[in-house]
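J.: Below is the structure I would like to discuss, written out as structure tokens.
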Amino acid sequence: MGFLIGLIIVLILILAIIIAIYVAYRKISRKVRSFSQAAFGTPNIMQGAEQMRMELSETPKSVSGMTQLLLPKITHDFPDFNYNEMKERANNVLTSYLRAVNDKNKSILQDGNEEIQNQLENHIEMLTTSGLREHFEQIRLHDTEIYQYRKNDGRCIVTFQTAFECYHYKTDSSNNVVDGSREFKYQTKYNIDLVYIQDRTLMKNEYDTALGVNCPNCGAPVSSLTAKFCEYCGTGIVEFNIRAWSFCNVEEIG
């Protein structure tokens, strides 16, 4: 008799625990549904998270556009600076750089100085060493603006900032995705640096040594590339200064 009573008590306790767990589960489920409805507009939190991921994949990044403020300063220093031409070049440099990474073929990058070419080569070499391939597919540019203009160490640097989307992911040697997604678009921003060697006597970057302009008449080096005439023979050189503009860096800023 005592055993039966004990068994009944145990069963009642187990039932009470099951009821308590069920009640707690219902409360938690209601809270989760309420949170999901408020946060995502759907009672299913997994569906809501997927929906948010989709929305993020379709929403372009905003660039930090300073063109209206900085372009007058740039054209004051360089009256021949063609904004539309340089913007188009910046877009081409970015897309060709990413396609070169995608194909592991540095020759695809057609513009840029030795510095950016070495940056690209190192990027490809790092992927090869890791046994990975980085994919940039269906690249679509949204906006490009001047983000920064600065002068230091004999350089004048105009930084363009570009927002774009693509399908970005990395695969291993078996073509398995190890980072990113084939299904969701990737929204991001890149900075592209355009450099002008203003004074070669102040240069500290080793790559700048190949960027100087020489007088087309006597061949003398032009130390100050804002000069209008060669200091040795007096030949006009301003029209050759466009050679001093080159792209030197591509950097993702997210």
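The values are calculated or read from the model by the stated rules, or taken from the named source; none is laboratory data. Since this is a predicted model, take the numbers as computed values, not measurements. Cβ atoms come from the backbone with ideal geometry, glycine included; neighbour counts cover every protein chain shown.
Here is a yes/no grid of residues against (1) surrounded by 15 or more Cβ atoms within 10 Å (Cβ to Cβ); (2) of a type in the set (Gly, Ala, Ser):
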residue	(1), (2)
110	no, no
119	yes, no
123	yes, no
130	no, yes
149	yes, no
175	no, no
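J.: Applying the selection to the stretch 171-197, what residues are assigned to a strand (DSSP E or B), polar (S, T, N, Q) and farther than 18 Å from residue 102 by Cβ? It would help to see each step written out before you state the result.
T.: To start, the set of residues in the stretch 171-197 that are assigned to a strand (DSSP E or B) comprises 171, 177-180, 186-197.
Pick out the ones that are also polar (S, T, N, Q) and you get 171, 187-188, 191.
Result: 191, single match.
J.: For the stretch 18-112, list the helices (runs of 4 or more DSSP H) that sit wholly inside it and hold at least 3 residues that are among the hydrophobic types (A, V, I, L, M, F, W, C) and modelled with pLDDT of 90 or more; which are they?
T.: Numbers: elements: 45-58, 67-77, 83-103.
The qualifying helices (runs of 4 or more DSSP H) are 67-77, 83-103.
J.: How many residues does the stretch 117-160 hold that are in contact with a Phe, Trp or Tyr (Cβ under 6 Å, 6 or more places away or on another chain) and more than 29 Å from residue 81 (Cβ to Cβ)?
T.: Final tally of qualifying residues: 3.
J.: Just to check your reading of the model, which residue among 134, 165 is touching a Lys or Arg at 6+ places or on another chain (Cβ under 9 Å), touching a residue at least 60 places away in the same chain (Cβ under 8 Å) and not hydroxyl-bearing (Ser, Thr, Tyr)? Steps first, please.
T.: Values: 134 fails: touching a residue at least 60 places away in the same chain (Cβ under 8 Å).
Going through 134, 165 in turn, the sole match is 165.
J.: Can you find even one residue in the stretch 69-85 that is within 23 Å of residue 187 (Cα to Cα), touching a residue at least 40 places away in the same chain (Cβ under 8 Å) and β-branched (Val, Ile, Thr)?
T.: Keep residues of the stretch 69-85 that are within 23 Å of residue 187 (Cα to Cα), which gives none.
No, every residue in the stretch 69-85 fails to be within 23 Å of residue 187 (Cα to Cα), touching a residue at least 40 places away in the same chain (Cβ under 8 Å) and β-branched (Val, Ile, Thr).
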